[in-house]
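The values are calculated or read from the model by the stated rules, or taken from the named source; none is laboratory data. Because the structure is predicted, anything quoted here is derived from the model rather than measured. All Cβ positions, even for glycine, are placed from backbone atoms using ideal geometry, and neighbour counts span all protein chains on display.
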Amino acid sequence: MLNQKVYLDFAATTPVDDRVMKAMLPYFREQFGNPSSIHSFGQQAEAAVEDARDTVAEGLNSRASEIVFTACGSESDNLAIRGAAIAARELRGANHILISPVEHHAISHTAEQLKHHYGFNLEYIPVDKFGMVNPNDVAMRIQPGTAVVSVIYANNEVGTINSISEIGKICRQRNIPFHSDAVQVTACLAMDMEALHVDMLSIGAHKFYGPKGVGALYLRDRTPFLPSQTGGGQESGLRAGTHNVPFIVGLAAAFKIAQEEREKRITHLLPLRNYLIEETLEMISDARLTGHPIERLPNHASFVFKDVDGNNLLMLLDVEGFACSSGSACRTGDPQPSNVLTAMGISSEWALGSLRITLGTQTTFKDLESFLRVLPKAVERCRDQTAR
Amino acid sequence: MNKQTRVVVAMSGGVDSSVAAALLVEQGYEVIGVMLRLWSESGLEAHNQCCTPDAMALARRVAAKLDIPFYAIDAKKVFRKEVVEYFIDGYTNGVTPNPCLVCNSRIRWGFLFDKAVSLGAQYIATGHYARLDHNKNTYICLLRAIDRSKDQSYVLHMLNQQQLGHTILPLGGITKSRVRQIARDFDLPVAERNESQDLCFLGNGSYREFLFRNAPYLHKPGLIIKDDGTHLGVHQGQAFYTIGQRKGLGISAPLPLYVLEKDILANVVIVGQKEELGKIELIAESVNWISGEHPKTPFHAQIKIRYKSSAVRGFVTPHDVTRFHIEFEKPLRDITPGQAAVLYDDDRCLGGGIIK
């Protein structure tokens with residue numbers, strides 16, 4: 001209806017890559033077997049799943065036995081925290097959970113549930129004004145009785161990348177299981193499980209040009225663990241349920257492409273992101289970048305604008321044909337300052353005016369130029385309305 | 001021809017506003033659906049009569065079906081300030097306010113109107129049953145709906161020419177049953193919700209419970225007296241009684257007694273028999289004339305004194321720009337301060353005012 005629409009919300013989801021789509025298609029109808037079946041149909045499907053597992057394991061510098069396929073990144077997060085916490089309690093009476101305040105809700109709500117319904121002590125690690133965890137703060141808080149530590153690899157709202165490797169080292173020295181939610185980073189960053197010293201790591205395919213409805217959990221061998229979903233013994237008994245073969249194939253194909261094209265993607269995205277950040281801060285008064293200026297995802301720009309209603313801004317931008325996101329945005333018109341921005345110490349007069357622009361492989365300079373023609377006016381119009 | 005004309009439709013997830021949006025899409029307008037998130041008492045959001053999460057999900061689905069953008073806009077603060085405070089103030093001052101009128105003039109044709117302008121829209125549209133006539137006169141006429149039983153011109157009588165000039169009411173010319181048929185034709189996933197006469201922000205409760213919670217100072221017992229001064233009982237606070245009310249007075253008398261009047265200063269509720277209830281005249285203030293021009297001479301008109309009452313004949317004398325006087329042909333029982341007296345010349349709504 002309006003001009004050509006421009007999608008600038010690749011952190012929300014991405015379109016499925018053509019090559020991924022092509023890899024998935026045979027597994028809907030031609031090779032539709034159940035990997036658990038004895039017959040040849042089952043064997044073909046099983047081979048596809050195990051090939052996919054090998055691909056993911058290789059990309060993560062890990063073993064195939066350490067990859068658990070799930071239905072999404074959130075499931076991977078749930079599985080990891082719950083599975084490690086409960087097992088640690090049974091094994092060694094550990095009752096303490098340590099997470100950052102900038103976790104995705106899949107982690108924080110799971111941890112809160114473990115606190116309120118299972119009696120765990122939940123402790124939050126502080127973050128700095130960029131939303132970054134200082135590894136020393138983990139070292140100071142970790143105890144022999146810590147069941148699990150979880151720190152997000154890069155935050156979805158502000159794009160800050162945490163020092164996962166250093167936090168991992170601290171946990172490894174004390175022999176405490178460490179999980180990281182890497183859902184936002186798979187599209188652009190390298191993920192070497194040995195270098196990162198993680199015991200568990202979550203990914204979700206639709207954030208890296210794969211299909212929605214499939215994720216994976218890296219689970220280091222010999223990590224004490226209790227499965228959540230029990231049943232037919234699939235995934236070595238760690239996650240029951242018939243394998244979603246085409247989607248697992250899709251996840252692996254997308255993961256492989258992400259690894260192979262990482263340099264190319266970063267080379268494409270970084271100048272675009274930097275241009276967007278510089279121009280926005282230059283053109284708009286009372287605008288701040290949220291998250292770390294350097295240690296941030298190469299496709300991620302996030303801002304707060306003082307005295308702006310973020311929901312209103314998103315609406316005005318959408319009407320102009322630009323699809324973005326906001327930490328405070330809410331589809332039901334009930335905006336609240338985001339937990340993440342609050343944890344970073346941003347006051348609500350700023351935090352309610354948040355805007356996230358995330359770029360993808362298709363994003364062009366021209367897209368951003370036309371976006372930057374619209375953004376300052378939209379912010380100004382929001383401010384006029386707030387002032388009224 | 002309408003391709004360039006952008007319209008914001010106030011959507012509720014109900015059949016009327018959904019069909020209004022569908023008709024505008026069909027007529028070629030560039031339509032944007034908007035739902036206002038209105039204020040609810042904390043904890044009772046799910047009981048709001050018009051903007052629950054369910055209703056919002058439904059409106060969003062309708063918009064997706066029609067392939068139009070849809071946005072929920074936070075209007076809680078402005079609604080609390082403009083409408084809920086008006087409501088509480090009205091009861092505090094001893095009248096029976098009609099907050100829907102204020103909601104229309106300040107929220108829909110105020111707050112939302114401004115949002116629509118900022119979205120680049122030329123018009124706002126709603127699912128109200130009333131018609132606008134742009135052609136016959138020099139000014140825009142507000143007319144009753146073709147479906148008389150659904151007519152909602154009463155709650156639009158406060159709109160001015162500027163507002164009416166940027167308004168489209170797609171349902172005024174069709175019947176409710178036709179609207180339902182259109183919803184089926186478009187395969188719209190709208191709920192056939194019961195049309196609620198209650199105020200959205202009261203949730204499932206009564207206005208009395210609401211006032212108890214939100215304006216506890218109104219719980220101020222006083223005397224119930226007859227107009228000769230005889231004490232008959234005790235009331236719980238004048239705000240909880242409405243003119244014409246019979247039930248719930250808690251007094252026994254040989255003949256049924258009705259609330260005739262309330263004296264705020266003395267904090268008494270005055271009751272009497274049915275025959276005493278009628279009044280033959282009223283004064284209305286905060287008057288709006290649809291034409292924008294206030295009549296110089298008295299005239300006969302049909303008058304509605306409540307949203308759901310039928311029109312009766314009376315003689316209207318404009319006093320000044322903000323007030324008029326009505327003398328009815330026969331006494332009326334339900335003249336209630338705070339409600340609107342809306343004037344009609346046959347189908348044409350002339351304007352109205354708030355009964356003093």
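Of note:
- Residue tally, condition in contact (Cβ under 8 Å) with a residue 24 or more places away in the chain, in a helix (DSSP H, G or I) and surrounded by 15 or more Cβ atoms within 10 Å (Cβ to Cβ), over region A:85-121: 11
- Residues of region B:125-173 satisfying the condition of being surrounded by fewer than 18 Cβ atoms within 10 Å (Cβ to Cβ) and of a type in the set (S, T, N, Q): B:N135, B:N137, B:T138, B:S149, B:N160, B:Q161, B:Q162
- Taking region B:311-356 as the range and being assigned to a loop (DSSP other than H, G, I, E, B) and polar (S, T, N, Q) as the test, the residues that pass are B:T322, B:T336.
Here is a yes/no grid of residues against (1) without any contact (Cβ under 8 Å) to a residue 60 or more places away in the chain; (2) more than 23 Å from the chain's Cα centre (by Cα); (3) surrounded by 24 or more Cβ atoms within 10 Å (Cβ to Cβ):
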position	(1), (2), (3)
B:G14	no, no, no
B:V25	yes, yes, no
B:M35	yes, no, yes
B:S40	no, no, no
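- Scanning region B:219-250 for residues that are farther than 21 Å from B:E209 by Cα and surrounded by fewer than 16 Cβ atoms within 10 Å (Cβ to Cβ) gives B:D227, B:D228, B:G229, B:T230, B:H231, B:G233.
- Scan of region B:42-69 for residues that are more than 9 Å from chain A (Cβ to nearest Cβ) and at pLDDT 85 or above, ordered by number: B:A55, B:L58, B:A59, B:R61, B:V62, B:A63, B:A64, B:K65, B:L66
- Of the residues making up region A:364-380, just one is within 14 Å of chain B (Cβ to nearest Cβ), more than 15 Å from A:K306 (Cβ to Cβ) and crowded, with 16+ Cβ neighbours inside 10 Å, namely A:V374.
Residues checked against (1) at negative phi; (2) buried (at least 16 other Cβ atoms within 10 Å of the Cβ); (3) without any contact (Cβ under 8 Å) to a residue 24 or more places away in the chain:
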site	(1), (2), (3)
A:G83	yes, yes, no
A:E123	yes, yes, no
A:D137	yes, yes, yes
A:M140	yes, no, yes
A:P144	yes, no, no
A:V149	yes, yes, no
A:G159	no, yes, no
A:N162	yes, yes, no
A:P177	yes, yes, no
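- Tally of residues being in contact (Cβ under 8 Å) with a residue 24 or more places away in the chain and within 14 Å of another protein chain (Cβ to nearest Cβ) across region B:100-155: 12
- Residue that is surrounded by 24 or more Cβ atoms within 10 Å (Cβ to Cβ) and either in the same structural domain as A:I107 (by TED's automatic domain parsing) or in contact with a helix residue (DSSP H, G or I) (Cβ under 8 Å, 6 or more places away or on another chain) (or both), where the choices are A:I248, A:I284, A:I257: A:I248
- Flag if A:L201 is at negative phi and either surrounded by fewer than 24 Cβ atoms within 10 Å (Cβ to Cβ) or under 13 Å from the mean Cα position of the chain (by Cα) (or both): yes
- Scanning region A:317-345 for residues that are closer than 17 Å to A:T386 by Cβ and either more than 9 Å from chain B (Cβ to nearest Cβ) or modelled with pLDDT of 95 or more (or both) yields A:L317, A:S326, A:S328, A:A329, A:Q336, A:P337.
- Scanning region B:24-48 for residues that are over 21 Å from B:V179 (Cα atoms) and not in a strand (DSSP E or B) yields B:L38, B:W39, B:S40, B:E41, B:S42, B:G43, B:L44, B:E45, B:A46, B:H47, B:N48.
- Scanning region A:254-301 for residues that are of a type in the set (G, A, S), under 30 Å from A:M21 (Cβ atoms) and in contact with a strand residue (DSSP E or B) (Cβ under 8 Å, 6 or more places away or on another chain) returns a single hit, A:A301.
- Elements of type helices (runs of 4 or more DSSP H) in region A:265-384, at least 3 residues being over 18 Å from A:V158 (Cα atoms) and in contact (Cβ under 8 Å) with a residue 60 or more places away in the chain: A:310-319
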